[in-house]
Amino acid sequence: MTPRTLFRKVWDAHVVHRFPEGPALLYVDLHLVHEVTSPQAFEGLRQAGRRVRRPELTVATVDHNVPTGDRALPIEDPVSARQLDALAANAREFGVELFDLRSPSQGIVHVIGPEQGLTQPGMIIVCGDSHTSTHGAFGALAVGIGTSEVEHVLATQCLVWSEPRTMEARLTGTAGPGVTAKDLILALIGSIGTAGATGHVIEYTGDAIRALSMEERMTVCNMSIEAGARAGMIAPDETTFAYLAGRPRAPTGAAWTRAVEAWRGLQSDPGATYDRRVTLDAARVPPQVTWGTSPGMVTGVTGAVPDPADYPTDDERRAVSRALEYMGLEPGTPLAGLPIDRVFLGSCTNGRIEDLRAAAQVVRGRRVASGVRAMVVPGSQLVRAQAEREGLDRVFREAGFEWRNAGCSMCLGMNPDILQPGERCASTSNRNFEGRQGRGGRTHLMSPPMAAAAAVAGRLVDVREWAWEREGERERAAS
Amino acid sequence: MGVGEGGGAGAGRVVIEPFVRHTGAVAALPRADVDTDQIIPKQFLKRVERTGFGPALFYDWRFRPDGSLNPAFELNRPEAQGATILVAGANFGCGSSREHAVWALSEYGFRAILAPSFADIFYANCCQNGVLAVCLSPEEIAELLRRHAAGGGGGGGVYRLSIDLAEQRVEDGAGFAARFAIEAYRREMLLHGLDEIGRTLLVDSEIAAFECGMRNAECGIDERPSGPRERS
């Protein structure tokens, strides 16, 4: 039998029908739904007199639009409230489970799927959100879809997808101290470009990937879309199984044993071929910071703002000039030392407990620099509760961070958490597009420890040097 | 201006207008990596309808912070008024999956977008809404932009293109002609304004058969790697 990639195995297991004109009809195991991209889809069902085919495979949550302040207060924005109400009404009408604002498990859709054990290896998972690629960390084939496709999946439990090409991204070596999964994926995007994997599904392989925890793998797969790939995948292993064991929706008993046995087969076979291969040596990656208005406009924190004149084509020179103008940056300015106004810790990329722990480690016993407004928005209410059990909320609050409730928040600024024009933000989110965090806002993407260090210093700093400055830091880290 | 037909008042699925052949004025947006956050900024995503997004298209670029028109933005130039074809840079529609971006482009009046490449999700969303996304080579797009600048941007005249989906051909009647590729499935969908759900339900029996196999798999009869979760 021809050796198959992980992607091929999952794809083959889900083909319901092959259209002679090209795409395949694939069965969807899990459909995650949120308030922003679903109301038109449910309305479409209603108008056509259709039902949700498999409500028990469909799970909804509110995340994009929700205020992250006091949950006891009513939602101030009536339009936001209407969208949340619409999802609640649709969930009731169509029999879909909803994690609403009253639920202790509410959170960002890509945080709660894995947290609940809904996300499992070998599944096809879809959601009307491009960061659905996150779930690929479990060896699932997980893709973001548009609202028409959401309606299609609701009605048929299937997705029409033209077979993508495959790319292996092999991450070798060992990442240095202070270098996180976020730095690895940003460095990869910087290397292959924001359209580098368009039309492809990426499989991340190599020692540097195997060494990552599940949460770190999620950070990597999450940003596959920022390299153009609709999905990223990592073959499941003992790390995956250990993470899933005992989760509320994971299989139990004999079903668990059977499942793990099947999941062990979800590896690319030796000799399986990819359409494209790229490699990255993790040992050579310093902490990353974006300087522009696209995630591919990134460099090491030891670097400087580039000069448009150094780019080979007119298009690139124009794009870089435009980005620098928007960002208010001069060519040659060192990134370390750049003063910041805001810090955002959170998002489906970096809003999990390990992210908060890593940031708290840097912040502990220190204060947010004067003039800087910093906030922590946990990825889910369960992450928030866990952090509070560990006392991380106190670490952040005592340092002067705002400690908020779960949601997408300032990652996309649909709720009241936004930047003011000209404000510069150290952000652990995934997109530094113009206006993404608020019109005129200037976003620098980085890891949680880097953002935490920036909050304390009031400027971008190399967290590796920061750690050295701290007496007792290494002892605490070792204990 | 530019609110196209086919919007309708309904909140849900609208009837998709078939795309067979179209001739129209060109607007140029010669930038790479135009993301869907620019096409339709997040503050407009709170609507629960499929309509009402046209006026907010490229909001932060089209309008100054005080709400007045930004005359420097490409779509605000006189020759871009009434344009139905957009020629843009590579990786158009990257970023967020928001289909609202296509709804906004369509409602504003665009029937086709030409670029050297498109982001995958955006491309799929176009097909769902009767908007034709045409991939041409970077050289062909550069040539179109040159001709647009010479005919329209420079002289104030309007540069027009004809797009024939049946023939998979773009031409300007003045010497430019290019063929483009499109998957037959997407082409059929656009040519006939097909509803994808209706099309899929034609093979409903195969979906049912697949589900039957899944249930067997749960009893260990099949080798499917995973079955549906059980309700806890």
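Read the figures in this text as sums done on the coordinates, not as results from a lab. Computed from a predicted structure; not experimentally measured. Positions of Cβ are backbone-derived with ideal geometry, glycine not excepted, and every protein chain shown enters the neighbour counts.
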Could you pull out the residue among A:447, A:429 that is within 13 Å of another protein chain (Cβ to nearest Cβ) and buried (at least 24 other Cβ atoms within 10 Å of the Cβ)?
A:429
Selection from segment A:317-339 of residues that are over 15 Å from residue A:447 (Cβ atoms) and hydrophobic (A, V, I, L, M, F, W, C)
A:319, A:320, A:323, A:324, A:327, A:329, A:338
Run down A:28, A:96 and say which single residue is more than 8 Å from every other protein chain (Cβ to nearest Cβ) and under 24 Å from residue A:139 (Cβ atoms).
A:28
Filtered residue count, segment A:301-348, keeping only those that are within 27 Å of residue A:420 (Cβ to Cβ), within 14 Å of chain B (Cβ to nearest Cβ) and of a type in the set (Asp, Glu):
1
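This table checks each residue for (1) more than 10 Å from chain B (Cβ to nearest Cβ); (2) over 26 Å from residue A:140 (Cβ atoms).
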site	(1), (2)
A:16	no, no
A:33	yes, no
A:46	no, yes
A:49	yes, yes
A:54	no, no
A:87	no, no
A:104	yes, no
With the condition kept exactly as written, say whether any residue in segment B:147-155 is within 14 Å of chain A (Cβ to nearest Cβ), touching a helix residue (DSSP H, G or I) at 6+ places or on another chain (Cβ under 7 Å), in contact (Cβ under 8 Å) with a residue 40 or more places away in the chain and surrounded by fewer than 19 Cβ atoms within 10 Å (Cβ to Cβ).
no
How many of the residues making up segment A:384-400 are in a loop (DSSP other than H, G, I, E, B) and within 22 Å of the chain's Cα centre (by Cα)?
0
So is residue B:89 more than 21 Å from residue B:180 (Cα to Cα), out of contact with any Ser or Thr (no Cβ under 7 Å at 6 or more places or on another chain) and surrounded by fewer than 24 Cβ atoms within 10 Å (Cβ to Cβ) or not?
no
Members of segment B:40-73 found to be farther than 30 Å from residue A:45 by Cβ and either crowded, with 19+ Cβ neighbours inside 10 Å or within 9 Å of chain A (Cβ to nearest Cβ) (or both), listed by number
B:58, B:60, B:61, B:65
With segment A:20-78 as the region, which strands (runs of 3 or more DSSP E) entirely inside it contain at least 1 residues that are farther than 21 Å from residue B:199 by Cα?
A:30-34, A:58-61
Tell me which residues, restricted to segment A:402-426, are more than 14 Å from every other protein chain (Cβ to nearest Cβ) and crowded, with 24+ Cβ neighbours inside 10 Å.
A:406, A:425, A:426
Within segment B:174-205, take every residue that is in a loop (DSSP other than H, G, I, E, B) and within 30 Å of residue A:47 (Cα to Cα) and give me the one that is farthest from the other protein chains (Cβ to nearest Cβ).
B:193
Tally up the residues in segment A:57-78 that are in contact (Cβ under 8 Å) with a residue 40 or more places away in the chain and within 18 Å of residue A:92 (Cβ to Cβ), please.
5
Could you list, in sequence order, all residues of segment A:57-76 that are within 14 Å of chain B (Cβ to nearest Cβ) and loosely packed, with under 15 Cβ neighbours inside 10 Å?
A:76
Going by the structure shown, is residue A:74 on the phi < 0 side of the Ramachandran plot and in contact with a Ser or Thr (Cβ under 9 Å, 6 or more places away or on another chain)?
no
Qualifying positions in segment A:376-396 - hydrophobic (A, V, I, L, M, F, W, C) and out of contact with any helix residue (DSSP H, G or I) (no Cβ under 7 Å at 6 or more places or on another chain)
A:385
Check every one of the strands (runs of 3 or more DSSP E) wholly within segment A:263-304 and list those with 2 or more residues that are buried (at least 22 other Cβ atoms within 10 Å of the Cβ).
A:288-290
Are any residues in segment A:297-321 of a type in the set (Gly, Ala, Ser) and in contact with a Pro (Cβ under 6 Å, 6 or more places away or on another chain), and if so, which ones?
A:300, A:304, A:321
Give me the residue from segment A:236-259 that is within 12 Å of chain B (Cβ to nearest Cβ) and under 25 Å from residue A:354 (Cα atoms) and, out of that set, surrounded by the fewest Cβ atoms within 10 Å (Cβ to Cβ).
A:248
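Residue by residue, here is whether (1) closer than 30 Å to residue A:328 by Cα; (2) of a type in the set (Phe, Trp, Tyr) holds:
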| residue | (1), (2) |
| --- | --- |
| A:195 | yes, no |
| A:222 | yes, no |
| A:246 | no, no |
| A:256 | no, yes |
| A:272 | no, no |
| A:286 | yes, no |
